[in-house]
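Since the structure comes first, as structure tokens, the remarks are kept for the end.
The values are calculated or read from the model by the stated rules, or taken from the named source; none is laboratory data. The shown structure was predicted, so the numbers you read here are calculated from the model rather than taken from an experiment. Don't worry about glycine lacking a Cβ; one is built from the backbone with ideal geometry, like all the others, and counts go over all protein chains shown. Surface accessibility is based on the protein's heavy atoms, side chains included, excluding ligands, DNA and RNA. Shrake-Rupley method; radii C 1.70, N 1.55, O 1.52, S 1.80 Å.
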Amino acid sequence: MSTLTIMIVTIFVIGYLCIALESVTRVNKAAIALLMCVFCWTLLMMGPGAYYPEVAPDGLLHHISEVIEHHLGDAAGTLFFLMGAMTIVEIVDSNGGFNFVRDTMKTRSKRKLLWRVAFMTFFLSAILDNLTTSIVMIMVLRKLVQAREDRIIYAALVIIAANSGGAFSPIGDVTTIMLWIKGVITTQGVLTEIFIPSLISMVVPAAILSLQLEGKFDKEQNLPKAAVSQFTKTQRNIIFWLGVGGLVFVPVFKTLTHLPPFMGILLVLGVLWTTTEIFHYNTSEDDTMAKRVSDIMSKIDLSTIMFFLGILMAVAVLQEVGVLTAMGEGLNEAFSGNYYLINGIIGVLSSIVDNVPLVAGCMGMYPVAETGPMAVDGIFWQLLAYCAGVGGSMLIIGSAAGVVVMGLEKITFGWYMKKITWIVFLGYLAGILVYWLERTLLFAS
């Protein structure tokens, strides 16, 4: 390994650590990711000839520009998909489309509420995404559970269920979106084989947490919520079904047109945007301007988008200098091609650092094969989707859902690690065992 490559890896590792320790350094991880991206590419430019010996010296700059544009194009597809999905969910939520979630979960029984939260979060996360679902569910929980000592237990379950639900859906988690867009997993494949393991990884922790909740809430816990929109109930329902139904339609659109998934998201956003503008014709401009799509888009968390851009482009540098390939070969040699063990370790690592760069790294480490575990919908790729998604729940900083819930409910790292980590780990292992049984007994080829 050359000195330049060692410097690039060092910058990446330092950036990685700063991202993982964001709560300690108090520096937004998006800023670190962008710096890491630029520094790594700059170092690559200091000695490009070592990495592209087949390119003539006078054509190196042009070649690297093409390489950057290629990786940027891959990253842009994921980023536009995320921005579109986040905007769609904001439109539905700001116009009262999720009121049914609160109404569906109303109950005085603490344990009944826990299971309703678990399954509602699990399935909503598969349709929307784990980050947005977590925000919606925490907003609902604040209206249903007043006692903080009870609410943080529900909040921890939201993290677990959101990450488990996102793992079996091609649009439920950033990592599964990345794998799906690259074409290494298919909609049918993950729904068929990852659904039950993901469900088990949620049910086991939920069952353990339910033992910590007894009794009923006070009658005042379930007060009705004031209307948040001037739209009629019919109009709110239309907005909900256009938004959520549109997100479900995206995989179908990709299959029918063979266009990138972000094109489907833009179609749904365009239809929903047009519909809400028409609905606004008969409402007061002063009262509804804040709910116009143009204003809602300004509320999208761009720092999250910038983080994904920085981390994906930084990982691309490691791919270009051959580090990822070497790591992949090293893991295979160390564990003799045991994909269950390799992915199990990746899942544990995803709880320590963000799972986005881990999955991006694995996509660069391992080539897609025609047949076997590395083929499309093979054991490796499906396990990667499961382990990276579910494994992120083990620590509260291991997933976007965990980080946002940590901020909203002020849950401490220590409390989560002491009370929740071991519970998540049991569910994680149970899901891997179920997947192994599926592959051995049902889907053996």
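Would you please give the FRET efficiency between HIS63 and VAL13, computed as 1/(1 + (r/R0)^6) with r the Cβ-Cβ distance and R0 = 35 Å, to the nearest 0.05?
The pair HIS63/VAL13 has a calculated efficiency of 0.85.
Extension gain THR232-GLU54, at 0.36 nm per residue separation less the Cα-Cα distance, in nm?
In short, 57.6 nm is gained.
Taking the Cα atoms only, what angle lies between the long axis of helix 400-409 and the longest principal axis of the chain, rounded to 10 degrees?
So the helix axis and the longest Cα principal axis differ by about 40 degrees.
Could you give the nm distance between label points at THR440 and THR192, where each point is 7 Å from its Cα heading toward the beta carbon?
Here the answer is 2.1 nm between the modelled labels.
Counting Lys and Arg as +1 and Asp and Glu as -1, each charge on the Cβ, what is the dipole of the chain about the Cα centre in debye, to the nearest 20?
About 2080 debye.
Once neighbouring chains are kept in place and the probe is 1.4 Å, which whole percent of the accessible area of segment 141-217 is contributed by carbon and sulfur?
57 percent
Using a Förster distance of 35 Å, how high is the FRET efficiency between VAL271 and ASN28, based on the Cβ-Cβ distance and rounded to 0.05?
According to the calculation, E is roughly 0.55.
Pop the C-beta distance of HIS70 and SER2 into the FRET formula with R0 = 22 Å and round what comes out to the nearest 0.05.
0.45
From zero up to wherever the largest Cα-Cα distance of segment 1-107 sits, split into 5 Å bins and tell me the percent of pairs in each.
Result returned by the calculation: 2, 9, 12, 13, 15, 12, 10, 8, 6, 4, 3, 3, 1, 0, 0.
If you roll a 1.4 Å probe over the heavy atoms of the protein chains, what accessible area per residue do you get for the chain, in Å²?
43 Å²
Give the relative contact order (percent, whole number) for the chain; include only Cα pairs under 8 Å separated by 6+ residues.
Result for the chain is 24 percent.
Full-extension gain between MET297 and LYS216, please, as 0.36 nm times their residue separation minus the C-alpha to C-alpha distance.
25.2 nm
Pick from ASP58, ASP103, ASP74: which residue has the top mean-square fluctuation in a GNM of the chain where Cα pairs under 10 Å get a spring?
Checking each option, the largest mean-square fluctuation is seen for ASP58.
Roughly speaking, what % of Cα-Cα pairs in the chain are separated by over 43 Å, rounded to a whole number?
14 percent
With loop defined by DSSP as not H, G, I, E or B, and exposure as at most 11 other Cβ atoms within 10 Å, which is the longest segment of the chain clear of exposed GluC sites (Glu not before Pro)?
55-213
Expressed as an acute angle from 0 to 90° and rounded to the nearest 10, what is the orientation of the C-alpha long axis of helix 29-46 relative to the principal long axis of the chain?
For 29-46 against the chain, the angle is about 10 degrees.
Search the structure for amide H atoms under 5 Å from the amide H of SER109, placed 1.01 Å from N in the peptide plane, and list their residues when 5 or more places away or on another chain.
PHE217
Considering only ASN343, ASN95, ASN28, give the residue with the highest GNM mean-square fluctuation for the chain, with springs between Cα atoms whenever their separation is below 10 Å.
ASN28
To make sure I understand the rule: partners must be aspartates and glutamates, Cα under 13 Å from the Cα of LYS216, and not fewer than 8 residues away in the same chain. Which ones qualify?
ASP150
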